[in-house]
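Only one structure is covered here, and it is reproduced in the block below.
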Amino acid sequence: MTEERRRFTRVPFDAYVQLSDIERQWTAHLIDISLHGVLVELDKPWEGENGSFLVVDLKLGNGEIDIHMETAVAHIDNNYLGLETKNIDLDSITHLRRLMEVNLGDAELVNRELSELGK
């Protein structure tokens, strides 16, 4: 996906997330995050398919804050997975919004992007 097509600002973020599906759970390195999804790096190439559903859990502040997203694999590039958010609870979107505001330093930009989610 080219930069011109992106409607959501991505924030580089160095953390680890838990990924899970119905059968298994594993850890991945979070590369960046947006209101629309995440880019993660796995230890080995992804053997699943585009469209596969994965749950992403990002814990912040010694586990005090949990951002929980239900996602679908949007693109695969060897060890990298682009995951598109399909469902996110109110607490998680609130935490994600605050994370984006702090990292971007622009609450209005985050508000505009939030309005895009409903479209």
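The values are calculated or read from the model by the stated rules, or taken from the named source; none is laboratory data. All values reported here derive from a predicted model rather than from experimental measurement. Reconstructed Cβ throughout: ideal geometry from the backbone, glycine too, with neighbour counts over all protein chains shown.
Worth a mention:
- 2 or more residues in contact with a His (Cβ under 9 Å, 6 or more places away or on another chain): qualifying strands (runs of 3 or more DSSP E) within segment 17-80: 37-41, 53-60, 65-77
- Filter pass, GLU101 being over 20 Å from LEU19 (Cα atoms), among the acidic types (Asp, Glu) and at pLDDT 80 or above: yes
- Positions within segment 68-107 being without any contact (Cβ under 8 Å) to a residue 12 or more places away in the chain and in contact with a helix residue (DSSP H, G or I) (Cβ under 6 Å, 6 or more places away or on another chain), in sequence order: GLU101, ALA107
- Segment 37-68 - residue that is within 26 Å of ASN111 (Cα to Cα), among the hydrophobic types (A, V, I, L, M, F, W, C) and modelled with pLDDT under 90 and, of those, surrounded by the most Cβ atoms within 10 Å (Cβ to Cβ): ILE65
- Of the residues making up segment 81-90, those that are in a strand (DSSP E or B), out of contact with any Phe, Trp or Tyr (no Cβ under 8 Å at 6 or more places or on another chain) and either hydrophobic (A, V, I, L, M, F, W, C) or over 16 Å from HIS29 (Cβ atoms) (or both) are LEU83, GLU84, THR85, ASN87, ILE88.
- PHE8 vs. criteria within 14 Å of the chain's Cα centre (by Cα), in a strand (DSSP E or B) and either at positive phi or modelled with pLDDT under 90 (or both): no
- Within segment 11-27, residues that are in contact (Cβ under 8 Å) with a residue 24 or more places away in the chain sit with their Cβ atoms under 9 Å from residues that are assigned to a strand (DSSP E or B) and among the small types (Gly, Ala, Ser), at 6+ positions apart or across chains, in these pairs: VAL11/SER34; VAL17/ALA28; GLN18/ALA28; LEU19/ALA28.
- Check on SER34, surrounded by 15 or more Cβ atoms within 10 Å (Cβ to Cβ) and either among the small types (Gly, Ala, Ser) or closer than 25 Å to VAL110 by Cα (or both): yes
- Failed item, numbered, when LEU19 is tested on (1) closer than 22 Å to ASP89 by Cβ; (2) touching a Pro at 6+ places or on another chain (Cβ under 9 Å): (2)
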